[in-house]
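> Can you keep this structure in mind? I'll have questions shortly.
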There are 2 protein chains.
Amino acid sequence: METVATPVKGRPREFCVDMALAAALRVFWSKGYEGASLNDLTEAMGITRPSLYAAFGNKEALFRKALDLYETEKLAYVGKSLAEPTARGVAEHLLRGSMENQTSTCEPHGCLGVISSVACGEEAECIRLEVLERGKVARRALVERFERAKVEGDLPESVDVEGLTSFLYALLQGMAVQAGAGATRADLERMIDTSMIMWPSK
Amino acid sequence: METVATPVKGRPREFCVDMALAAALRVFWSKGYEGASLNDLTEAMGITRPSLYAAFGNKEALFRKALDLYETEKLAYVGKSLAEPTARGVAEHLLRGSMENQTSTCEPHGCLGVISSVACGEEAECIRLEVLERGKVARRALVERFERAKVEGDLPESVDVEGLTSFLYALLQGMAVQAGAGATRADLERMIDTSMIMWPSK
DNA sequence: CCGTTTCCATATCGAGCGGTATATAATCAA
DNA sequence: TTGATTATATACCGCTCGATATGGAAACGG
């Protein structure tokens, strides 16, 4: 996981880039892009301001790299969920994976994507658009998965796939809001159980 | 709607307090508490900074008054929804009322409560707690309404009322997130239609 | 040893933040 | 008219923001 090509010349870096990025992710995750100040970031990362700029460019570039890390490490369950054999299994795994991701005892609660798209001033608009775009990509994958489920017969023909996807997305987003507001894992579990009882088809 | 007891002495105010407050609400609604700067507020309200402080106290007091206005004027549909004869009617009216409130063509999209509770730095924590508390009050009313629905028989005995309430809240919050992200009224309508198909009972 | 390169530490930049001091303008009671 | 009272207008306060300039410390090839 170490950065591969450390330049041989010059003074070597005194911190681990990956660990610093992971620390930055936690700060963004709990405070949002604009809520995370450079003081917050450098303190959590254990480095100074010029080191941060030398290693990551600027705050926006750092956020994008943190977002990449978030997707690959924290949202791995999304890809796995899509591989479930039925639409119902996809939805349930998405909901439960999201719940675990958003109520971990050792990481911030809530969802980085939701926080970043809601809590975003107009000067960081491009950050917001970036986050929304990534969300749309995942949404399209979900729509296609449900279309397939219809073909395969585990989703009733009468279901509006777009509506169902928005419905599931709303549950995921609402769960993120509630997790950020202090809901416990048990709270969310009851919500998911109730949701799954209503899920169409079998 | 004019402020009743205008003091008879001294130079009279040159602006309407209610209109200024309504303008401030729109700014908070679209940008959140911290995202709304005093320049944003004064410009939208058409008054200067000292006038704002003389009339409203400070930014936090202004926000609380805007929050009161939001509840009484924009969330009036909540109380009406609770008076619906069935649990299903309550849910549907809440969802559709929320949709209309969040996708008005002449007002900001999304929900002031969701924006304010998600997009809130740590120095404005008391604002966040205030918003969350108001949300909890409404949630309790919803739980009681669904308990009553069980007694009255229009909600199956097997339903977990807390879970159902969290479920409905999640839909409302998710809808706010999507509306803030640019979802159209038609998008949300499909989501609500799909949700209502799944609603338990009647 | 040297010169080069890269990194770290401190101090600082200009801009925007929430909030206010000061002076002037407008209205009332007398 | 005069004095008291209140609103407005301008300029400013201390502070934090993201971002950098500067100078020295640590590694390398020669």
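The values are calculated or read from the model by the stated rules, or taken from the named source; none is laboratory data. Being a predicted model, the structure only gives us computed values, none of them experimental. Here the Cβ positions follow ideal geometry from the backbone for every residue, glycine too, while neighbour counts run over all protein chains shown. We work out accessible area using only protein heavy atoms, side chains counted, and drop any ligands, DNA or RNA first. Shrake-Rupley method; radii C 1.70, N 1.55, O 1.52, S 1.80 Å.
> Checking A:ARG49 against (1) away from chain B (no Cβ under 14 Å); (2) within 12 Å of DNA strand D (Cβ to nearest atom); (3) open to solvent by less than 30 Å² (accessible area, probe 1.4 Å), which test does it fail?
(3)
> Further question on the same structure: Considering region A:52-71 alone, what residues qualify as being near DNA strand D (Cβ under 10 Å from one of its atoms) and of a type in the set (Ser, Thr, Tyr)? Spell out how you get there, then give the answer.
Start the filter on region A:52-71 by keeping residues that are near DNA strand D (Cβ under 10 Å from one of its atoms), which leaves A:52-54, A:56-63.
Once the filter is applied, which keeps residues that are near DNA strand D (Cβ under 10 Å from one of its atoms) and of a type in the set (Ser, Thr, Tyr), region A:52-71 yields only A:TYR53.
> Can you pull out every residue in region B:116-174 that is among the small types (Gly, Ala, Ser), at pLDDT 95 or above and touching a Lys or Arg at 6+ places or on another chain (Cβ under 7 Å)?
Those that are among the small types (Gly, Ala, Ser), at pLDDT 95 or above and touching a Lys or Arg at 6+ places or on another chain (Cβ under 7 Å): B:GLY163, B:SER166.
> Separate question: Mind checking whether some residue in region A:134-152 is crowded, with 23+ Cβ neighbours inside 10 Å, in contact (Cβ under 8 Å) with a residue 60 or more places away in the chain and within 8 Å of chain B (Cβ to nearest Cβ)?
no
> Among residues belonging to region A:182-202 that are open to solvent by 40 Å² or more (accessible area, probe 1.4 Å) and outside any helix (DSSP H, G or I), point out the one that is nearest to the other protein chains (Cβ to nearest Cβ).
Step one: filter region A:182-202 for residues open to solvent by 40 Å² or more (accessible area, probe 1.4 Å), giving A:182, A:184-187, A:189-190, A:193, A:197, A:201-202.
With the extra rule that they be outside any helix (DSSP H, G or I), the set shrinks to A:182, A:184, A:201-202.
Details: A:GLY182: 8, A:THR184: 11, A:SER201: 11, A:LYS202: 13 Å.
Going through the qualifying residues, I end up with A:GLY182.
> Let me ask another. With region B:1-98 as the region, which helices (runs of 4 or more DSSP H) entirely inside it contain at least 2 residues that are within 16 Å of DNA strand C (Cβ to nearest atom) and closer than 21 Å to B:ALA176 by Cα?
Numbers: elements: B:17-31, B:38-45, B:49-56, B:59-69, B:76-82.
Filter on region B:1-98 gives B:17-31, B:59-69.
> Next question, about the same structure. For region A:153-175, what are the residues that are touching a residue at least 24 places away in the same chain (Cβ under 8 Å) and more than 8 Å from chain B (Cβ to nearest Cβ)?
Filtering region A:153-175 down to residues touching a residue at least 24 places away in the same chain (Cβ under 8 Å) leaves A:154-156, A:159, A:164-165, A:168-169, A:171-173, A:175.
Within region A:153-175, A:ASP154, A:LEU155, A:PRO156, A:THR165, A:LEU168 qualify.
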